[in-house]
1. Are there helices (runs of 4 or more DSSP H) fully within the stretch 391-490 with at least 1 residues that are closer than 20 Å to Gly244 by Cα? List them.
2. Any chance you could count how many residues in the stretch 357-390 are of a type outside the set (Val, Ile, Thr), within 13 Å of ligand 1 (Cβ to nearest atom) and either assigned to a helix (DSSP H, G or I) or more than 21 Å from the chain's Cα centre (by Cα) (or both)?
3. What is the one condition in (1) assigned to a strand (DSSP E or B); (2) buried (at least 16 other Cβ atoms within 10 Å of the Cβ); (3) in contact with a strand residue (DSSP E or B) (Cβ under 6 Å, 6 or more places away or on another chain) that Pro137 does not satisfy?
4. When you go through (1) in contact with a strand residue (DSSP E or B) (Cβ under 9 Å, 6 or more places away or on another chain); (2) surrounded by 17 or more Cβ atoms within 10 Å (Cβ to Cβ); (3) basic (Lys, Arg) one by one for Lys439, which number turns out not to apply?
5. Have a look at Asp564, Asp580, Asp586 and point out the one that is among the acidic types (Asp, Glu) and crowded, with 21+ Cβ neighbours inside 10 Å.
6. Only one of these conditions is not met by Pro801: (1) surrounded by fewer than 17 Cβ atoms within 10 Å (Cβ to Cβ); (2) farther than 24 Å from Arg853 by Cα; (3) in contact (Cβ under 8 Å) with a residue 40 or more places away in the chain. Which number is it?
7. Report yes if Leu78 is under 30 Å from Gly194 (Cα atoms), assigned to a strand (DSSP E or B) and in contact with a strand residue (DSSP E or B) (Cβ under 8 Å, 6 or more places away or on another chain), otherwise no.
8. Does Phe260 qualify as being within 11 Å of ligand 1 (Cβ to nearest atom), touching a residue at least 40 places away in the same chain (Cβ under 8 Å) and either under 26 Å from Leu108 (Cβ atoms) or not assigned by TED's automatic domain parsing to the domain that holds Asn859 (or both)?
Amino acid sequence: NPVTRLADYQPPAWLVPDTTLDVDLRDGHTLVTARLTLRRNPERADKPEDLVLDGEHLELRSLTLDGRELNPGDDYRLDGPRLVIPGAPDHFTLTSVVRIEPENNTALEGLYRSNGMYCTQCEAEGFRRITFFPDRPDVLSRFTTTIHADKSAYPLLLSNGNPVDAGEEQGGRHYATWEDPFPKPCYLFALVAGDLACLSDTFITASGREVALRLYAEHRDLDKLDHAMDSLKRAMAWDERVFGREYDLDIFQIVAVSHFNMGAMENKGLNIFNTSCVLAHPDTTTDAAFERVESVVAHEYFHNWSGNRVTCRDWFQLSLKEGFTVFRDQEFSSDMNSRAVVRVENVDFLVNHQFPEDQGPMAHPVRPAAYQKIDNFYTLTVYEKGAEIVRMQHELLGADDFRRATDLYFERFDGQAVTCDDFVACMEEVSGLDLAQFKRWYSQAGTPVLTVTDDYRDGEYRLTIEQHTPATPGEPDKQPLMIPVKLALLDGQGRPLPLDDQGRAETVVILRETREALSFQLPERPTPSLLRGFSAPVSLRYDFSEEQLVTLLAHDTDGFCRWDAAQRLYFAALARIIDDGESAADQLPRLTPVLERVIARADEDPAQAALLLGLPTENAVGDRHTPLRPQSVHQAVSGLRAAIGEALAEHWWRLAKDLEADAYQGDGAAMGRRRLRRLAIAYLAAAAGQGALDADQVADYVARDFDQPDCMTNALGALRDLVHNGLAQNGRLEAFAERWADEPLVMDQWFAVQASVPGPDTVARAEGLLAHPAFEWTLPNRVRAVVGTLVNGNPSAFHAPDGSGYALFARALKKLDGINPQIAARLASGGARLKRLEPALADQLGAALRDIRPGASANLAEVLDRILGA
Ligand code: DPP
Ligand code: ZN
């Protein structure tokens with residue numbers, strides 16, 4: 001498969017100032033007429049002879065240049081996924097007519113159908129499946145789009161920008177024309193045609209303009225749009241306040257779509273969302289999903305500036321818009337909710353998902369240097385690590401200079417397609433900082449390891465910090481990075497000691513060298529509170545004593561450091577079980593007093609307490625043991641959970657009952673209480689499942705939340721507690737499926753609850769789920785619910801000793817690859833732990849994946865080759 005390299009970047013040979021599209025939606029096919037004005041790009045010195053346009057799965061009906069019909073062979077040629085016009089003039093108009101079949105588009109790229117509506121997904125390279133075009137983000141064009149369709153089936157016709165014309169046509173058809181005044185790359189193009197319900201509202205911008213807000217969904221989902229609308233309005237106000245960014249069109253629309261490869265898409269003025277990221281109602285949506293809707297609505301809205309007004313020069317710069325926009329949405333969520341809790345959630349996600357990516361065969365820099373399929377680089381590294389890189393710049397500059405730098409960035413590059421270097425240059429210009437070394441964060445893959453050692457003698461505390469980034473595929477040698485390390489030093493009572501003459505309690509050390517030494521004059525040997533706020537995306541090694549961890553957990557004012565201390569205590573206990581043959585019960589004398597102290601303060605911040613009291617996932621534990629033995633990891637984690645459940649049963653019962661709510665409430669405080677209560681119940685259920693508590697008593701209590709649910713968080717949590725722990729569920733699984741058969745997003749949860757039951761038997765159960773009448777291979781959310789959950793969220797089943805999980809995985813990938821290569825490739829990365837597995841398992845997984853490599857799509861092949869080390 002061809003490789004695209006950053007080093008080969010050339011500006012486009014021709015620009016397309018104006019694009020006029022006419023999209024005629026017919027039963028069985030669609031005709032797209034595209035009129036492009038083309039002119040040579042003065043910035044491209046070498047003046048290539050050939051105009052090359054991208055186009056895939058298009059049936060070309062006619063092509064005219066300045067009104068003259070072109071003939072194949074002489075005037076143009078179709079060269080695989082490209083249309084080549086040799087000797088094209090410097091200025092001209094090109095009109096093409098192509099026929100496409102959205103009905104048969106299961107890849108969900110370009111124009112396709114979902115539940116009877118038409119919609120589009122063009123990022124990254126889907127527009128070339130709609131018409132011939134220079135499909136690259138640095139070609140910005142002004143789009144005018146006319147859509148024709150049957151009026152009764154598709155009363156609603158939407159595209160980017162403002163509506164400028166509409167009318168009736170013969171045969172019960174109608175049309176609408178939309179004009180987007182802002183030049184944009186074609187990946188931001190969108191079109192929707194359907195029969196949808198609408199929730200309308202308005203927003204008055206800071207300068208007093210009224211913006212119409214319209215959220216669309218299938219009619220039965222109209223009552224699930226309020227939370228998204230509320231989130232949108234808060235996001236619009238926040239972006240004005242915090243980043244000085246005002247919305248620029250008269251209308252902003254969001255359409256909810258069932259069949260969608262990503263979470264959502266920031267098309268100019270017409271965002272298209274996976275239903276899972278926009279629909280929310282307490283009866284059908286968990287608290288976690290409510291939070292996700294809030295953050296994704298904000299994320300896509302924020303892209304209007306960080307992505308749309310200022311876009312990417314090429315796809316290697318993807319993190320320019322994604323890392324920055326994730327940073328923006330994280331800050332928004334922090335301001336809307338508890339900042340400490342949001343930070344820990346974000347760090348947890350990064351450390352337990354992005355770090356493994358960065359330490360395995362899929363490792364790549366935030367700004368990759370080469371790719372086969374850009375779709376495979378919509379990764380946690382580009383998004384989440386990219387956000388941390390922006391966060392470090394925020395930390396290095398301080399909030400005021402950072403804001404000045406982003407103002408400069410938006411002003412200077414408005415309407416342009418730029419690079420990560422351009423972004424950093426604004427940071428440098430405003431602050432006067434030299435960020436040349438810092439920029440290695442963009443180009444160097446891998447998780448840096450910081451090893452901290454210390455020594456206290458004669459009133460002097462010396463800290464030595466060494467940085468080392470382990471090799472990643474294709475990058476054997478790493479250079480030292482510029483790393484901000486925020487730290488405090490705590491006394492025996494957990495109070496911060498003064499770090500200097502001014503009595504500062506916290507400082508940020510900027511590391512530049514491989515090894516750096518710091519020194520502090522202190523009256524006693526301190527407990528170091530390191531990497532406060534998770535000030536850099538690094539893996540910290542310091543030989544904390546258990547006493548120090550207990551001090552940090554009990555007293556540190558930094559939410560990340562408290563959580564990190566708890567995690568270290570759990571990982572240490574689990575390591576003693578996994579590696580040293582200790583029992584779960586052996587851990588209790590050390591752990592329970594610590595947990596009891598957290599529980600005693602739980603009412604200060606129940607959500608934070610839940611984060612502190614929850615054990616790490618089996619994947620997180622497994623990633624800290626080599627070779628990976630998923631069954632012993634599972635036994636250790638589930639054994640420890642049950643032991644803690646039993647030992648602290650009185651506390652869990654008290655929390656569960658004290659935190660019962662009289663009536664449903666959806667505010668953050670209520671969500672926090674629900675979260676802690678569900679954790680307490682999960683501990684009880686785990687203990688009951690292993691026979692350590694009265695199973696009937698626990699099951700009866702758990703079932704009450706299911707039988708009289710006040711919200712989906714409790715109903716689904718109860719169902720999971722019963723099913724995962726083998727407690728009597730008395731037909732409740734079946735009842736749930738019957739109750740929610742018409743709610744696809746709830747059914748996704750029903751599938752996921754079953755696919756995540758621990759243990760090898762779940763593979764057979766998953767086979768049954770794949771054969772269930774409600775399972776659809778063409779519906780990405782459903783595929784993720786079963787296959788994704790099994791592979792990524794259920795290691796003791798996926799890694800079944802008999803290899804049955806791998807067989808299911810390989811068959812699913814092969815099947816999906818014929819339907820939707822992007823989804824197949826995304827799921828395939830679930831095999832990335834191959835080389836870490838104990839040999840018997842690695843052999844089986846390797847064989848299963850090698851088996852499906854022949855004939856794999858370019859998307860899937862790129863991922864398989866990386867995993868297999870080909
Ligand atoms: N829709 C994806 C996102 O917003 C890609 N741009 O992150
Ligand atoms: Zn994004």
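1. Numbers: elements: 399-413, 420-431, 440-443.
Per the criteria, 399-413, 420-431.
2. The initial filter retains those residues of the stretch 357-390 that are of a type outside the set (Val, Ile, Thr), namely 357-365, 367-373, 375-378, 380, 383-388.
Those left that are additionally within 13 Å of ligand 1 (Cβ to nearest atom): 375, 377-378, 380, 383-384, 386-387.
Within this subset, residues satisfying the condition of being either assigned to a helix (DSSP H, G or I) or more than 21 Å from the chain's Cα centre (by Cα) (or both) are 375, 377, 380, 383-384, 386-387.
The qualifying residues number 7.
3. Exception for Pro137: condition (1).
4. For Lys439, the exception is condition (1).
5. Values: Asp580 fails: crowded, with 21+ Cβ neighbours inside 10 Å; Asp586 fails: crowded, with 21+ Cβ neighbours inside 10 Å.
Answer to the selection: Asp564.
6. Condition not satisfied by Pro801: (2).
7. Values: under 30 Å from Gly194 (Cα atoms): no; assigned to a strand (DSSP E or B): yes; in contact with a strand residue (DSSP E or B) (Cβ under 8 Å, 6 or more places away or on another chain): yes.
Here the answer is no, as Leu78 does not meet what is asked.
8. Values: within 11 Å of ligand 1 (Cβ to nearest atom): yes; touching a residue at least 40 places away in the same chain (Cβ under 8 Å): yes; either under 26 Å from Leu108 (Cβ atoms) or not assigned by TED's automatic domain parsing to the domain that holds Asn859 (or both): yes.
Yes; evaluated as a whole, the condition is true for this residue.
The values are calculated or read from the model by the stated rules, or taken from the named source; none is laboratory data. From a predicted model like this one, the values you see are computed outputs, not experimental measurements. FYI the Cβ positions are ideal-geometry reconstructions off the backbone, even for glycines, and counts take in every protein chain you see.
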